[in-house]
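Note sheet for the following structure.
The values are calculated or read from the model by the stated rules, or taken from the named source; none is laboratory data. No experiment lies behind these values; they were computed from the predicted model shown. FYI the Cβ positions are ideal-geometry reconstructions off the backbone, even for glycines, and counts take in every protein chain you see. Calculation scope for accessible area: heavy atoms of the full protein, side chains included, ligands and nucleic acids excluded. Shrake-Rupley method; radii C 1.70, N 1.55, O 1.52, S 1.80 Å.
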Amino acid sequence: MKEISTIKTTDPKEAARLLIRGGVVAFPTETVYGLGAAIFDEAAIQRVFEAKGRPGDNPLIAHIGDVGQIDLLASELSTSADRLIEAFFPGPLTIVVKKTEAVPAIATAGLATIGIRMPNSELALAFLRACGTPIVAPSANISGRPSPTTWQAVRDDLDGRIDCILQGEPTEIGLESTVVDCSVEPPVLLRRGAISIETLQSVVPEIREAELGDEGPARSPGLKHKHYSPRATVAIGTSLPLGFAGRAAFIGTSMPRDVFAESRIAASVEEYAANLFEFFRECDRRGIDLIVCEAVPETGIGAALMDRIRRAAE
Ligand code: TXA
Ligand code: MG
């Protein structure tokens, strides 16, 4: 891949101009940074897959700055989809719905459905509104690595491979959006995120969680790929494995039982979630061999946090 110079800017309008000219632009959301291309620009979307090294069978999420754009993307909306949009847009929720003919196949990896989300971040919304078109965006990391929660993490992975980084604050939530498939009845939770299943069920009681191994033939293709992984080995617990001699780090909300080379004690499960991916990256920079992550109760964002930790530990 040819090296290009990646423009860094804090101006959403400048970033939008680059995108509209066919560029690929990383931008912050409330969950993680995304790597955007205009949804009707197939060449730019191709560059998103190339820059990330993303398998072509993994569909992208369309990001909108205005609920009026949903009509461009969705050919039909179920009552459940309507209710979820009403309750949670803008917010860390992606709904999967039947797509329109206009959405190019490359955006959805050939699927007849498309994921749609309206981020709840002022800078993201300013950028999306300046673009004036839906933007497809996977997380702005090299495929398989932890999602980026800071613009510096985007730079570390993608500098010289993308046109622009819109520089914002570290992302607030730090884990990717909840994904719900609304193209089937009852709707199915495909990926846990900041909006918990209990919260979703308060609006659409029928929503059920996909059983592990019940993902069907590539129902959420992204989940079968390796994800969220630091170079270090990840383990769940509060102590070192017996006889472990390497450099180990700990992250959790309580004091660990052993002495670790690095540790991050968060004041809450929310703070733990917001810090996880950046801690993974920091451990890699410091040559840590093993990262021990404390288990938390699987309610609220704890469910999403444990999902990411388990995948990283696989
Ligand atoms: O919070 C987020 O969702 C972030 C920010 C940037 O918005 N984006 C993100 O995108 O995490 P990505 O591409 O890393 O993850 C998208 C997930 C994948 O697991 C993918 O398989 C699933 O959503 N997905 C996307 N479109 C789908 C579809 N049509 N049907 C089923 N799953 C879909
Ligand atoms: Mg991703």
> Out of all the residues in segment 133-145, which are surrounded by 24 or more Cβ atoms within 10 Å (Cβ to Cβ), within 16 Å of ligand 2 (Cβ to nearest atom) and not hydrophobic (A, V, I, L, M, F, W, C)?
Replying inline: Ser139, Asn141
> Would segment 290-308 turn up any residue that is at pLDDT 95 or above, open to solvent by 40 Å² or more (accessible area, probe 1.4 Å) and within 16 Å of ligand 1 (Cβ to nearest atom)?
Replying inline: no
> In segment 168-194, how many are away from ligand 1 (no atom under 11 Å from the Cβ) and of a type in the set (A, V, I, L, M, F, W, C)?
Replying inline: 1
> Only one of Ala15, Ala62 is assigned to a strand (DSSP E or B) and either under 20 Å from the mean Cα position of the chain (by Cα) or surrounded by 16 or more Cβ atoms within 10 Å (Cβ to Cβ) (or both); which?
Replying inline: Ala62
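Considering every residue within segment 18-41, establish whether at least one is assigned to a helix (DSSP H, G or I), assigned by TED's automatic domain parsing to the domain that holds Thr199 and in contact with a Leu (Cβ under 8 Å, 6 or more places away or on another chain).
In the first step, residues of segment 18-41 are kept if they are assigned to a helix (DSSP H, G or I); the result is 18-20.
Still in the running and assigned by TED's automatic domain parsing to the domain that holds Thr199: 18-20.
If we keep only those that are in contact with a Leu (Cβ under 8 Å, 6 or more places away or on another chain) as well, we get none.
So far as segment 18-41 goes, no, none of its residues is assigned to a helix (DSSP H, G or I), assigned by TED's automatic domain parsing to the domain that holds Thr199 and in contact with a Leu (Cβ under 8 Å, 6 or more places away or on another chain).
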> Considering only residues of segment 159-213 that are in contact with an Asp or Glu (Cβ under 9 Å, 6 or more places away or on another chain) and free of Cβ contacts under 8 Å to residues at least 24 places away in the same chain, which is nearest to Ala74 (Cα to Cα)?
Replying inline: Leu189
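For (1) more than 28 Å from Glu206 (Cα to Cα); (2) in contact (Cβ under 8 Å) with a residue 60 or more places away in the chain, each residue gets a yes or a no:
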site: Ala43; (1), (2): yes, no
site: Arg54; (1), (2): yes, yes
site: Leu73; (1), (2): no, yes
site: Pro90; (1), (2): no, no
site: Val97; (1), (2): no, yes
site: Ser121; (1), (2): yes, yes
site: Ala124; (1), (2): yes, yes
site: Cys131; (1), (2): yes, yes
site: Pro134; (1), (2): yes, yes
>> If I ask for residues that are more than 16 Å from ligand 2 (Cβ to nearest atom), β-branched (Val, Ile, Thr) and crowded, with 21+ Cβ neighbours inside 10 Å, which ones from segment 86-105 would you list?
In response: Ile95, Val97, Val103
> Can you tell me which residue in segment 241-258 is farthest from Asp284 (Cα to Cα), limited to those that are modelled with pLDDT of 95 or more and either open to solvent by 50 Å² or more (accessible area, probe 1.4 Å) or in contact with a Gly (Cβ under 8 Å, 6 or more places away or on another chain) (or both)?
Replying inline: Thr253
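Can you tell me which residues in segment 33-57 are crowded, with 19+ Cβ neighbours inside 10 Å and in contact with a helix residue (DSSP H, G or I) (Cβ under 7 Å, 6 or more places away or on another chain)? Give the steps one after another, and end with the answer.
Our first condition is that a residue be crowded, with 19+ Cβ neighbours inside 10 Å; within segment 33-57, this holds for 33-39, 41, 44-45, 47-49, 51-52, 54.
Within segment 33-57, Tyr33, Leu35, Gly36, Ala37, Ala38, Ile39, Ile45, Ala51 qualify.
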>> Every residue in segment 65-85 that is open to solvent by less than 10 Å² (accessible area, probe 1.4 Å) and under 16 Å from Pro104 (Cβ atoms), please.
In response: Leu73
